[in-house]
Structure formats: C-alpha cells, structure tokens
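Have a look at the structure below before the remarks.
The values are calculated or read from the model by the stated rules, or taken from the named source; none is laboratory data. All figures in this text were calculated on a predicted structure; none of them were measured in a lab. Neighbour counts run over all protein chains shown; Cβ positions are idealised from the backbone, glycine included.
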2 protein chains.
Amino acid sequence: MRRQGWAERTRSIQAFHVMSVLARAKALESQGHDVIHMEIGEPDFASPAPIVQAGRAALANGHTGYTPALGLPALREAIAASYGERYGVDLDPGRVVVTPGGSAALLLIASLLVDPGQAVLMADPSYPCNRNFLGLLGAHARMIPTGPQSAYQLTPSLIESHWDEHCSMVLAASPSNPTGTLLDRQQLQAMADTTRRLGGHLVVDEIYHGLTYDCQASSVLEVADDAFVLNSFSKYFGMTGWRLGWLIAPPDAIPELEKLAQNLYICAPHMAQLAALAAFEEETRAICDERRLAFQARRDFLLPALRDLGFAIPVTPQGAFYLYADIRKFSDDGSALCRQLLERQHLAITPGLDFGDYRQHEHVRFAYTASLDRLAQAVDRLDRELR
Amino acid sequence: MRRQGWAERTRSIQAFHVMSVLARAKALESQGHDVIHMEIGEPDFASPAPIVQAGRAALANGHTGYTPALGLPALREAIAASYGERYGVDLDPGRVVVTPGGSAALLLIASLLVDPGQAVLMADPSYPCNRNFLGLLGAHARMIPTGPQSAYQLTPSLIESHWDEHCSMVLAASPSNPTGTLLDRQQLQAMADTTRRLGGHLVVDEIYHGLTYDCQASSVLEVADDAFVLNSFSKYFGMTGWRLGWLIAPPDAIPELEKLAQNLYICAPHMAQLAALAAFEEETRAICDERRLAFQARRDFLLPALRDLGFAIPVTPQGAFYLYADIRKFSDDGSALCRQLLERQHLAITPGLDFGDYRQHEHVRFAYTASLDRLAQAVDRLDRELR
C-alpha cells in the first residue's frame, strides 16, 4: 500500500519569507560580503547581566528539575506584582501562567478557546505564526484588512462587521508586529466591550510592552478583567534564547490551562524561570530602560530617514522595533525589492508577504535591531539603490 | 450574547491522576508527614556536573539568543554521531531535529503525520500525554489492550488486526512507560515492516534509552530507515528542567518539520543546547552510567520485594524506572489502593488509570526514583498495610 503523505495542515503552513532572506544573507556573508541585518525580530543585546547571573546561580544551585506546570510560584507572584506597578492592576498570581515562550502561551490560549472549524479575527498585517497555530488546531484566522486610518489595528466596527457565528476569539497586538502601532486604553475598552457583547473572547498580545516610545502602553487588563493577555520575557527583557513567556487568564480558565500545559510541554525551563526573577530587580530595569532609549533613538533616526527617501510610513510607530513601510514609490513587488536590496546592497529586510495578504506586495518591514552606525549605513545603501 | 465556553477538546483531556496524588502528598508533607515519593517520572539526580558547567559557561559567554529552529548544528552533529557509537547507525545530522523537550518532538511528529479524524495505534497501557496530543490535533488514539503475553507491547498481528483506513501512524515505546518493557531488534523490524505494508508511519519513543538493565536497547533506526524516533535529554542525561529533546525523521520530512518548529516554538532553549553538548563527553557518560547502575540496583531490590508481597509483575522490566504491578491480590480498585497507601502509609504511587482503560483498575505504577534506603522503607510500609 502507498505510504500516507504528510498531514493536510502542512500544506497550509508557509515557510516564512524572512527565513529565505536570512539564509541568502548568510550565504552572502560566507562569501565575504558585509550584510546589514534588519530582517530578524530579535533585540541585538544579550540578556542583561543580572538575569544571566541569576541563571548561572540557579544552575550552580542544582535547579535542573521540573517545575509545576503553571510555573514557579515566586515568578508568578513577581509577574503579578509587576501589573500593579506598571498598570495599577491588582492581579492575583493564580491567574498567571508561566510558559515556554510566548509561542506556548498562544498555543495554550488557542487550544482553550478555539474549536476546529472556528475562526479568529485578527488584523492584516499581523505576526505570521498566529495564523499557523490556528491551522494546527483545525481552525483558521480571518484576516481583516487594516490600513493607516485605524493605525493597522482592529476597531470595534471592524470586529462587528466581520464577526459571525463561526468566530470564537479576537486577537489584537499592542504594540503590533509589524507596524509598531498601539491601542490606547479607550480603544482596548471598546474592543473588549464589543467582543464581550458578541459572545467572543478577547486576547491581546502585549509581547512588546516595555518597548514603547513617547508613551506608556496600556494593558487590556486595566479595562477588561475577562480578557486574555500574552506576554514574553524575550523582547523587553532580552531573553529570546531562554524561551520564557507568560499569559494572564480569567480564574476559571486556569485549571483548564494547567491540564493543557501538563500535556503539551510539562513546564517551562526551570533555570529560565529563576533567571527571570532578576528581570524585576532595579538594576535590570535600569539596563532595560537604557536599551529602550537606544531603540527610541534608532526609531527617531530611521523613521524620518526612510520617509525622506520616499517610503510612506503614515502612522508613527510608538512601540516594538519595526517600521512597516509602503514602497509604492519604488516598486509594486515588495519581495522583488527585498531581493534586490539584499543582492545589490547587502541589506536584509522582510517582505510584507510574511504578515498577511492585504496590500502586502506594497510593503516591507525594517527591524531596527542594529546599531545607529549600521542604520546610517543602511540608509546610505537604500539611497544608493533607490534615489 | 452568552460568552462561548472552552473548546470541546478541553473536555477530552483528563488531568493526570498522578497530579492529585502529588498535590495530596505535598499537603501531607506540609502537615509534617514523611512521604515517600514513587509517583513522579523524574530521576532523583540533578543534571551531571559537566552539563551544568557547560550551561553556566554558555550563559557566561552570552549565548542567550535564538538558535536555528532545527537546533544548533554542533548539537545535531553530536546526536547523529551518538547513533553511530550506540547502535552502529550512520546517521546524517540533517535528519536530527532538536526540540524543546520530548513533548515538542511528539507534537511536531503528530502534526506532520496525523490529519483530523485519523487514529494512531498505541498500546494500552502507555504514556498518557500521547493521547491528549492527538486530541489537540482533532485526531485520536486507538488504544490496543496489551498484556504480559506481548510484554505490554504492540505486535505485528495486533497492528494488523486494529489497522483500518482511518489510521495513519503507530506509536510504540521501548522502553515503555509505565511497564519498562522493551522491543528487541527483530520485533522492531517486524513492526516496521507491517506498518510500512499497511501504508502507515512508525514512530518509536526511545526516551528511556540508556536506562536499560541486563541488555542494550535497540533503536528502530537499526532496522528501519523510514521510521521516526522520539528522544530526550531528560531521563538518561538527567536534564528534565532544561526542556530539551530531539527527533530523527526521514530526510523529506525535515523541511516540513522545520516550518512547524518555526511556527510552534521558534527554537529550543539556547543554553540547554550548549549544555547538552557536554552530555556526550566521557566524564558525563561515566556519571550517567553510574546512575544507570543505581537504578538497576533499585529495580533488583524492588522487583522481588513487590513480587514477594503479592504484586504480580509477570514480565521483568528491563528499562526506564517503573514497575507496573497487578494489584488483584489486594484490591480491584487501584485508585482506592493508591489513596489508601498515601493516607495511611504516606507512600505516593500512581494509579493505572493514568495509562489507559484496559484493566487499569487492576494496576498501579511504582517509580523507583528514590534511594535504596527509601525503597526499603516503602516496602516496609506496603508490608504493614497489605500483609
């Protein structure tokens, strides 16, 4: 009998275009070319020293075994306390679930909230993994075209007009990847009210919280106690390689999430959890805030420089480390433009196609995860190619 | 409108009974009772010193960022080389996928091989997470009753008689959790041949390899190049809390698995991958083999002692650190017996119900993850309760 092929779902999961950009960039580097990397969503800083030190101490003290599935109680308490300080939200530590990365947090939440055949509303553009997670569960993303008029975010009226009986959840992100735009407290409140009235669950990706400029991000928990929050130690705290995130859920969801966590991954890495306790120390915060200012300086340099070159960035991004740029002045094919910049100028950026379907050929994403000097060189290379 | 409830799949995922045993054991301990823990599948040794040292060095050297989704090339090479040494199998490192724990390895494989509505054949009894993974994907486990006559393992004829057009995969485990029994090379070969002829995929959980007594375990890769293998650094290498495993797959599966890994978890923890490189050093192997001998001594003590008390363990377990015991001499309700032993003797073991449905009321699992002294005390307590 002929061997069965791969499962159907593998066909709906596209490899990220950024991965082929990265592979080609590395090939060019191995030929001796000086490639400027602005394609990857990873801070260009190692983890802050107090976090590394706490991780080393955890290992030296033999903390190499499993932890409870929901996470170490001390870390759940520290995370909960941070909501009081940052947002004025009094949060029960019992509502915090520590996860192996923000990825696992989303997998848990989607497993809890979305049945096969159901749909999740999200903005087009948005972070590409989110769509693919849903495919795994037999569900799908209903990507709603958004543009500058709503800062590339969903709105109550967009939710209302795209919601039907097949929908179970709305997924928003503030700050958004790829656009860096935020939802303010009033917008979050209106979104929560609308989603609740429609009978759905609101999930907000707050993974880039901390990395905001000119403003403080609001958490949806300030205005909606029944919303779900995704977060991570990867971005603001610079802990990508440790694989550690968390989620906040309503109390009655916790026993279900605990069962899912036990089955899906047992627990998050133990030493990472102990290291993350140091994330809330004064010394670490000072380091992280210094880095935030470095990102802000980069945005403040790169944003006007790209606009000056002719990229359209109609909404000023206030968070994350991305600029999502309309390239129509130069091209109607973002992927071709990315290839051209990589091959001729050795500048690596991400084509819009990774983030959805709506007008993605007309967009690219710049990650300002490189030093100011390198960004200045990148602008020179763009100028050389596009003027 | 009424808020939607939790997804249907949450209803099919049972919490593990062992978790309520553990919770009650901790409550008894907090009241000052001396509980002997034989319920948890975690070695009672911390990670070997060279592994811990390598992890600390990785952190000191700033290796805190993402790695490639398939794992660090050096670790994939080291794992591949170990197949040459252990099993005489010449394995291309490109077929090795490093994962965040054995859990993620199974999630990747099941996502690749099983469509919604399809079934996976596995032995009853078997490791409980496996069933629940399939529920997540809209598929299900077809649990095949097994007993001492096949050493609680599937056989070609069991596979053949339970296979139909809804099946896509056979999942075997050697050594098995909970029974500690192995499949030898001939059995693996026959199982691979049968599964291939039926058009299915064979996946073998080899997570307890290294922890075998009286014999060396064979890998299915010795006899079937097209099989999938699950493995982990948790058990033999004592790295549970680092969350690190791996899988071996046929070459044409790797690009699909890479896409799934990128989407599902980005990468395994970086410092854990660097620490695991030390697992293959001579010094670490010496430590691990010493521990193996300690487990063997425990088995050699506990197995005859339990048989002597009247537990039926008809097949001598040759691997892992579990004894799966028939309790009919004492009770027809394993869960009640577990409660009784915990409440009256402060001895924590796992009810058979965690491992399937077939005659599970008549079984319990003992984990010999406690010292010989403690095991002797456990036997005394059993004697006091059951004689």
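Assorted remarks:
- One residue alone among A:69, A:104 is surrounded by 20 or more Cβ atoms within 10 Å (Cβ to Cβ), of a type in the set (Gly, Ala, Ser), outside any helix (DSSP H, G or I) and touching a residue at least 40 places away in the same chain (Cβ under 8 Å), and that residue is A:69.
- Any pair with Cβ under 9 angstrom, 6 or more apart, that starts in region B:118-129 at a residue that is more than 25 Å from residue B:364 (Cβ to Cβ) and ends at one that is among the polar types (S, T, N, Q) and in a strand (DSSP E or B): B:118/B:168; B:119/B:168; B:120/B:168
- Leading residue by the ranking (nearest to residue A:169 (Cα to Cα)) among those in region A:74-124 that are among the hydrophobic types (A, V, I, L, M, F, W, C) and touching an Asp or Glu at 6+ places or on another chain (Cβ under 7 Å): A:112
- Sole residue being under 25 Å from residue B:174 (Cα atoms), surrounded by 15 or more Cβ atoms within 10 Å (Cβ to Cβ) and charged (D, E, K, R), chosen from B:374, B:381, B:339, B:359: B:359
- Look at (1) buried (at least 19 other Cβ atoms within 10 Å of the Cβ); (2) within 9 Å of another protein chain (Cβ to nearest Cβ) and you find that residue B:196 fails only one, number (1).
- Extreme residue, farthest from the other protein chains (Cβ to nearest Cβ), among residues of region B:208-225 that are more than 17 Å from residue B:368 (Cβ to Cβ) and touching a helix residue (DSSP H, G or I) at 6+ places or on another chain (Cβ under 7 Å): B:218
- Checking region B:134-155 against the condition returns a match, with at least one residue being within 12 Å of chain A (Cβ to nearest Cβ), out of contact with any Cys (no Cβ under 7 Å at 6 or more places or on another chain), in contact (Cβ under 8 Å) with a residue 60 or more places away in the chain and assigned to a helix (DSSP H, G or I).
- All conditions but one from (1) within 22 Å of residue B:28 (Cβ to Cβ); (2) surrounded by fewer than 24 Cβ atoms within 10 Å (Cβ to Cβ); (3) hydrophobic (A, V, I, L, M, F, W, C); (4) in contact with a Lys or Arg (Cβ under 7 Å, 6 or more places away or on another chain) apply to residue B:347; the one that does not is (2).
- Any chance residue A:309 is out of contact with any Phe, Trp or Tyr (no Cβ under 8 Å at 6 or more places or on another chain), in the same structural domain as residue A:93 (by TED's automatic domain parsing) and modelled with pLDDT of 95 or more: no
- In summary, residue B:353 fulfils each of the numbered conditions (1) assigned to a helix (DSSP H, G or I); (2) surrounded by fewer than 20 Cβ atoms within 10 Å (Cβ to Cβ) with the single exception of condition (2).
- Considering (1) farther than 24 Å from residue A:380 by Cβ; (2) surrounded by fewer than 19 Cβ atoms within 10 Å (Cβ to Cβ); (3) not acidic (Asp, Glu), the lone condition that residue A:26 does not fulfil carries the number (1).
- Filter result (at the interface with chain B (Cβ under 10 Å from one of its Cβ atoms), hydroxyl-bearing (Ser, Thr, Tyr) and either more than 23 Å from the chain's Cα centre (by Cα) or assigned to a loop (DSSP other than H, G, I, E, B) (or both)) within region A:1-55: A:47
- Counting the residues of region A:166-193 that are within 14 Å of another protein chain (Cβ to nearest Cβ) and surrounded by 20 or more Cβ atoms within 10 Å (Cβ to Cβ) gives 6.
- Residue satisfying all of: in region A:191-238; polar (S, T, N, Q), assigned to a loop (DSSP other than H, G, I, E, B) and modelled with pLDDT of 95 or more; farthest from residue A:293 (Cα to Cα) among these: A:219
Yes or no, residue by residue, for (1) within 21 Å of the chain's Cα centre (by Cα); (2) of a type in the set (D, E, K, R):
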site: A:242; (1), (2): yes, no
site: A:255; (1), (2): no, no
site: A:277; (1), (2): no, no
site: A:293; (1), (2): yes, no
site: A:298; (1), (2): yes, yes
site: A:310; (1), (2): no, no
site: A:320; (1), (2): yes, no
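- Condition broken by residue A:58, with the remaining ones in (1) facing chain B (nearest Cβ under 10 Å); (2) surrounded by 22 or more Cβ atoms within 10 Å (Cβ to Cβ); (3) part of a loop (DSSP other than H, G, I, E, B); (4) small (Gly, Ala, Ser) satisfied: (3)
- Residue in region A:258-270 that is outside any loop (DSSP other than H, G, I, E, B) and within 16 Å of the chain's Cα centre (by Cα) present: no
- Among the conditions (1) assigned by TED's automatic domain parsing to the domain that holds residue A:209; (2) modelled with pLDDT of 95 or more, residue A:259 misses just one, which is (2).
- Scanning region B:61-75 for residues that are among the small types (Gly, Ala, Ser) and facing chain A (nearest Cβ under 10 Å), we see that the one that is nearest to residue B:261 (Cα to Cα) is B:69.
- Taking the criterion of being more than 14 Å from chain B (Cβ to nearest Cβ) and touching a residue at least 12 places away in the same chain (Cβ under 8 Å), the residues of region A:270-287 that qualify are A:277, A:280, A:281, A:283.
- The residues listed here are B:312, B:305; of these, the one that is out of contact with any Ser or Thr (no Cβ under 9 Å at 6 or more places or on another chain), crowded, with 16+ Cβ neighbours inside 10 Å and of a type outside the set (Ser, Thr, Tyr) is B:305.
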